[in-house]
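Right, one structure below, let's go through it.
Quick note: the coordinates plus some simple rules give every number you see, no bench work behind them. As the structure is a prediction and not an experimental result, all values here were calculated from the model. Counting neighbours? That spans all protein chains shown, and the Cβs are built from the backbone with ideal geometry, glycine included.
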Amino acid sequence: RYEELLQYKEKYGTTKVPQLYPGLGQWVHTQRTDMQKYLLGNRSSMTPEKIKSLNAIHFFFGNRRKSSEGVGPGSNPDEPATPPPAAAAITPSP
């Protein structure tokens, strides 16, 4: 679905895919949910490699409510989400 997200971003200029967008919307929602779990230290399929790949395309990790309040990881779509310190330590630098 990552390639599909790239195509969506190219077409619409954003990675803020609506959850109800056919196919891709649910995948994007799952990435956001997994990132929240990951940041809280809970079981998640999010990895430092996924974070790096998603950050590279300025993936929007926040949800609408949080972004409108200006809180939460990824609430600013221009700022990539920051992995927790343990993940940051193993994430290769650019």
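With labels modelled as points extended 7 Å from the Cα through the Cβ direction, what inter-label distance (nm, one decimal) is found for R1 paired with H58?
About 2.2 nm, to one decimal.
Quick one: Karplus J couplings for the stretch 41-47, per residue in order, coefficients 6.51, -1.76, 1.60, θ = phi - 60°, nearest Hz, x for Gly and Pro?
Couplings: x, 8, 4, 7, 8, 6, 10 Hz.
How would you order 42-51, 6-15 from highest to lowest mean count of nearby Cβ atoms within 10 Å?
Values: 42-51: 15.1, 6-15: 12.4.
Put in order of decreasing packing, that is 42-51, 6-15.
Could you go through the stretch 5-19 in sequence order and give the Karplus-derived ³J(HN,Hα) for each residue, using 6.51 cos²θ - 1.76 cosθ + 1.60 with θ = phi - 60°, rounded to whole Hz, and x for Gly and Pro?
5, 4, 5, 4, 5, 4, 6, 10, x, 8, 10, 7, 7, x, 4
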